[in-house]
Amino acid sequence: MFGFLHARKETPRLGTLKQLQLFSTLSRPELRVVDGLLHERRFLKGEIVFDQGEEGQVLLVVVSGRVLLCRQGEPDAGRVKVVDAGGMFGELALLVDNAPRALQARAEEDCVLAALSRGDLESLLDTHAVIASKILLQFTRHLGRLLVEQGAAAGRQAP
């Protein structure tokens, strides 16, 4: 009768999550489920998110700010990629157990990251298969785009 009295509490980041590619196909109720699984991490400019060679545990989504991916200890000469808000990195952690990180990640500016572990994704498959399949479809599309970009970059470098 008075539905507004039973309104679900929403976190401030729920609106932001909907704008992220990985979660863009989820409905509001589905986003609430995912929001409960994510672990928010805040980093100051220059702070190291993880080191090259470190065991990968989570996929990270940039909620706000920017993250630099570079060779270990070489933020200038070893720059590989900058991940802006809405992007993600550390994808291998969802696919391979304990895969070592290929690069170092450091906050290029103050940032907020949302972490999704492989275990949480597997639990989501068991409890909310539709939500997990929507996320995995977006994840697969993201990986496909990465492969296309890498193929194009390799083609440009060929003699």
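The values are calculated or read from the model by the stated rules, or taken from the named source; none is laboratory data. What you are looking at is a predicted structure, and each value in this text was computed from that prediction instead of being measured. Glycine also receives a Cβ, built like all others from the backbone with ideal geometry; neighbour counts cover every protein chain displayed. Areas reflect the complete protein model, heavy atoms only, side chains present, ligands, DNA and RNA absent. Shrake-Rupley method; radii C 1.70, N 1.55, O 1.52, S 1.80 Å.
So Leu116 ticks every box in (1) in contact with a Pro (Cβ under 9 Å, 6 or more places away or on another chain); (2) open to solvent by less than 20 Å² (accessible area, probe 1.4 Å) but one. Which box is left unticked?
(1)
Residue check, Asp51 against (1) at pLDDT below 95; (2) of a type in the set (D, E, K, R); (3) more than 13 Å from the chain's Cα centre (by Cα), all met but one. Which one?
Only one criterion in (1) at pLDDT below 95; (2) of a type in the set (D, E, K, R); (3) more than 13 Å from the chain's Cα centre (by Cα) is unmet by Asp51, namely (1).
Yes or no: Leu143 under 16 Å from the mean Cα position of the chain (by Cα), of a type in the set (A, V, I, L, M, F, W, C), under 24 Å from Phe23 (Cβ atoms) and surrounded by 15 or more Cβ atoms within 10 Å (Cβ to Cβ)?
no
List the residue pairs whose Cβ atoms are under 9 Å apart, where the first residue sits in segment 129-156 and is closer than 15 Å to Leu26 by Cβ and among the hydroxyl-bearing types (Ser, Thr, Tyr), the second is open to solvent by 30 Å² or more (accessible area, probe 1.4 Å) and assigned to a helix (DSSP H, G or I), and the two are 6 or more positions apart or on different chains.
These pairs meet every condition: Ser133/Leu125.
Quick one: is Ser123 over 17 Å from the mean Cα position of the chain (by Cα) and open to solvent by 40 Å² or more (accessible area, probe 1.4 Å)?
Spelling it out, Ser123 is indeed over 17 Å from the mean Cα position of the chain (by Cα) and open to solvent by 40 Å² or more (accessible area, probe 1.4 Å).
For every residue, the table says whether it meets (1) at pLDDT 90 or above; (2) open to solvent by less than 20 Å² (accessible area, probe 1.4 Å).
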residue	(1), (2)
Gly65	yes, yes
Arg71	yes, no
Glu74	yes, no
Val80	yes, no
Ala93	no, yes
Glu108	yes, no
Pro159	no, no
